[in-house]
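Chemist: Got a structure here, written out as structure tokens. Questions coming.
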Amino acid sequence: METMYLTRMSAGKLGTPLGDRIIEQHHTVSEIISRAEEVLAKELGQDLADYAELEEVCTRGNVGEDTVWGYVDKSSGNHVDFTETRKLKAAIAVLSVNGHYFEATPIS
């Protein structure tokens, strides 16, 4: 079972009438990551790895018909796994850009 998060987000850009309204909802990690990927693809033409400061460098293999990508940390040059924790951190950063407020707190 996935961890649920209490998310708090602005309804619009901060400093505007909608942006000053904070909405609280419950979401899974997958839902948060999916929403961030959607925002990136539609609005910014980027992917989540860019916000995690990672670069796709090569295929590490195949699982069924899916390609498994390898990543390098842009700051250190070390090979890293793009874990769910890294994806969540990047997703929160994505959803907090351009004057929007977003936070996610695990619900125990």
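Chemist: Please specify each residue of segment 7-47 satisfying the condition of being hydrophobic (A, V, I, L, M, F, W, C), closer than 12 Å to residue 102 by Cβ and in contact (Cβ under 8 Å) with a residue 24 or more places away in the chain.
Modeler: 9, 14, 22, 32, 36, 39, listed by residue number.
Chemist: Suppose we filter segment 10-28 for residues that are within 14 Å of the chain's Cα centre (by Cα) and closer than 13 Å to residue 95 by Cβ; how many remain? Working first, answer last.
Modeler: The initial filter retains those residues of segment 10-28 that are within 14 Å of the chain's Cα centre (by Cα), namely 27-28.
Filter once more, keeping what is closer than 13 Å to residue 95 by Cβ: 27.
Number of matching residues: 1.
Chemist: Under 7 Å by Cβ, and 6 or more places apart or on different chains, what pairs join a residue from segment 75-89 that is more than 12 Å from residue 48 (Cα to Cα) with one that is in a loop (DSSP other than H, G, I, E, B)?
Modeler: From segment 75-89, the pairs are 75/53.
Chemist: From the residues in segment 19-44 that are assigned to a helix (DSSP H, G or I) and among the polar types (S, T, N, Q), which one is farthest from residue 2 (Cα to Cα)?
Modeler: 34
Chemist: May I ask you to list the residues in segment 14-34 that are in contact with a Phe, Trp or Tyr (Cβ under 9 Å, 6 or more places away or on another chain) and more than 25 Å from residue 85 (Cα to Cα)?
Modeler: 14, 19
Every number here is computed from the coordinates shown, using simple stated rules; none is lab data. Bear in mind that the values here come from a model prediction, so they are computed numbers and not experimental data. For neighbour counting, all protein chains shown are included, and Cβ atoms are generated from backbone atoms with ideal geometry for every residue, glycine included.
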